[in-house]
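The values are calculated or read from the model by the stated rules, or taken from the named source; none is laboratory data. No experiment lies behind these values; they were computed from the predicted model shown. Cβ: placed from backbone, ideal geometry, glycine included. Neighbour counts: every protein chain shown. Heavy atoms of the whole protein, side chains included, go into the accessibility calculation; ligands, DNA and RNA do not. Shrake-Rupley method; radii C 1.70, N 1.55, O 1.52, S 1.80 Å.
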Amino acid sequence: MSDVLRAMGRPVHVGPSGAGQLCKLANQTIVAVTIAAVAEATLLAEKGGADPAALRAALKGGFADSVILQQHGERMSEGNFVPGGPSKFQVKDLDNTLAEAQSLGLQLPAAQAVRDRFAYFIDEMGGGDLDHAGLYLELKKRNNLT
């Protein structure tokens with residue numbers, strides 16, 4: 001079976017039935033929370049006078065570097081929110097993460113806070129069909145910069 005799956009990617013056995021779905025939720029949680037961190041760092045740098053492209057270049061290869069920093073950070077600073085991953089799906093995934101966490105008796109405060117920001121972006125700002133990097137727009141509105 002491993003050989004068949006290897007033809008489609010990099011199979012990794014992560015545990016019993018259902019563990020793969022938990023890994024998907026973990027991935028989406030990391031993506032969402034990291035997008036929020038990149039939005040905050042980008043806005044901080046911009047408001048302080050730094051060039052966001054130079055920020056990304058300076059952080060490249062260090063501990064803070066990531067695909068999200070490079071790709072979504074660029075989208076944020078360029079104002080390009082054409083959906084690759086629509087925000088409405090990000091909040092759906094975070095809702096699933098939080099429901100699973102609750103069923104396990106866990107609290108995930110960072111995931112909850114980011115979920116609430118995405119919900120505001122979608123429900124109050126109409127950002128559901130924009131890329132999840134659009135969370136940057138929610139942050140700008142929160143800071144009266146729109």
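When Rg is the radius of gyration of the Cα atoms in segment 55-107 and Rh is its Kirkwood radius, what does Rg/Rh come to? Radius of gyration relative to Kirkwood radius: 1.14. Distance between the pseudo-spin-label points of K24 and M8 (7 Å out from Cα toward the beta carbon): 1.1 nm.
The Cα-based radius of gyration of segment 1-42, divided by its Kirkwood radius, gives an Rg/Rh of 1.19.
The value of relative contact order for the chain, using C-alpha pairs under 8 Å at least six residues apart, is 29 percent. Karplus-derived 3J(HN,Hα) values for segment 2-16, using 6.51 cos²θ - 1.76 cosθ + 1.60 with θ = phi - 60°, are 4, 5, 5, 5, 4, 5, 9, x, 10, x, 9, 7, 10, x, x Hz; glycine and proline are entered as x. Using the structure shown, list the pairs from K47/K141; K24/K140; K60/K92; K88/K140 with a Cα-Cα distance above 25 Å, or answer none. Listed pairs above 25 Å: K24/K140; K60/K92. Placing +1 on the Cβ of every Lys and Arg and -1 on the Cβ of every Asp and Glu, with no other charges, gives the chain a dipole of roughly 180 debye about its Cα centre.
Each principal axis of the Cα cloud of the chain was evaluated for its coordinate range; sorted largest first, these ranges are 53, 33, 26 Å. What base-10 log of the normalised intensity I(q)/I(0) is obtained for segment 9-86 from the Debye formula, alpha carbons as equal point scatterers, at q = 0.11, 0.13, 0.23, 0.25 Å⁻¹? Evaluating at q = 0.11, 0.13, 0.23, 0.25 Å⁻¹ gives log10 I(q)/I(0) of -0.38, -0.50, -1.06, -1.17. With Cα atoms defining each centre, segment 83-144 and segment 19-65 are spaced 15 Å apart in the structure. Remark: segment 72-79, residue by residue, has Karplus-estimated 3J(HN,Hα) of 6, x, 5, 4, 4, 6, 8, x Hz, where x stands for each Gly or Pro and the curve is 6.51 cos²θ - 1.76 cosθ + 1.60 at θ = phi - 60°. For the chain, with all protein chains in place and a probe radius of 1.4 Å, 57% of the accessible heavy-atom surface sits on carbon or sulfur.
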